[in-house]
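Have a look at the structure below before the remarks.
The values are calculated or read from the model by the stated rules, or taken from the named source; none is laboratory data. Keep in mind that what you see is a predicted model, and the values were worked out from it rather than measured. All Cβ positions, even for glycine, are placed from backbone atoms using ideal geometry, and neighbour counts span all protein chains on display.
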Amino acid sequence: MSNPVVEIRRLSKIFRRDSLAVPALENVDLEVDDGEFLCLMGPSGSGKTTLLNLIAGIDRPTSGQLRVLGEDLASMSEDRLAAWRNAHVGFVFQTFNLIPVLTAYENVEMPLLLTRLPAPERRKHVLAALELVGLEDRREHYPRQLSGGQEQRVAIARAIVSDPTLLMADEPTGDLDARAAEEVLGILAGLNRDFGKTIIMVTHDPHAARHATVIRHLEKGQLLPLEEAVATAATAPY
């Protein structure tokens, strides 16, 4: 059996808006095994992106236990947490977040500029990442010269160029047409299948979710039991 890379116990997150407390997650228990492709599904406001951000070390829980790769993220200083994210987490966003004045190559290289890798080694990593997503021949193109699907594939290359332990994807196909979405999902599934990459993806799209190896559902900040989640999947309105 695989070792859990994410261990969550009774995790809660409350956002404060003036004097109002807005619960986003309530007493969530979750384990993610090494090499798992987990999909978190749920309607808008269910807490799925909040949970993704907590696991990625982008946000901090209000209460509960959150251990990722054996580290207690809630106890880390901001500087240590930033270093941990740089070393272990790759993130793919719905809106690509590419820098428009940089080429595809330069966008993918950006995470490596935070490391001590010499330029020849950086080039080798960047070209390998672009080749994995099928865009090595587009490396000198700017984002405006690429289709939406190609932009998202560049974003995936940027997320994997430093070989992160965890790959996080927040609605990665939300801004894509059906064909481009299928290409992106195929790349993610291939990274999981062929390279054993642990992936956690948020989506509201049941078709996208079918590429994952495990699907869990959130409702109003609570993670449904696995049996209930399976029963809910066929009738979910999202």
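Tabulated results
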item	result
Flag if Arg193 is of a type in the set (D, E, K, R), at pLDDT 95 or above and under 20 Å from Ala56 (Cα atoms)	no
Which numbered condition Gly196 misses (of (1) surrounded by fewer than 23 Cβ atoms within 10 Å (Cβ to Cβ); (2) of a type in the set (Gly, Ala, Ser); (3) on the phi < 0 side of the Ramachandran plot)	(3)
Subset tally (residues that are under 28 Å from Leu146 (Cβ atoms) and buried (at least 17 other Cβ atoms within 10 Å of the Cβ)) for region 68-87	1
From the options Glu31, Glu78, residue that is under 23 Å from Gly90 (Cα atoms) and at pLDDT 95 or above	Glu31
Pro23 being closer than 27 Å to Leu176 by Cα and surrounded by fewer than 17 Cβ atoms within 10 Å (Cβ to Cβ)	no
Residues (surrounded by fewer than 19 Cβ atoms within 10 Å (Cβ to Cβ) and of a type outside the set (A, V, I, L, M, F, W, C)) located in region 89-102	Gln94, Thr95, Asn97, Pro100
Considering residues of region 32-67 that are among the β-branched types (Val, Ile, Thr) and under 18 Å from Val214 (Cα atoms) only, the residue surrounded by the most Cβ atoms within 10 Å (Cβ to Cβ)	Ile55
Criterion (over 25 Å from Asp34 (Cβ atoms), out of contact with any Lys or Arg (no Cβ under 9 Å at 6 or more places or on another chain) and either β-branched (Val, Ile, Thr) or surrounded by 14 or more Cβ atoms within 10 Å (Cβ to Cβ) (or both)) met by exactly one of Glu171, Glu121, Glu183, Glu136	Glu136
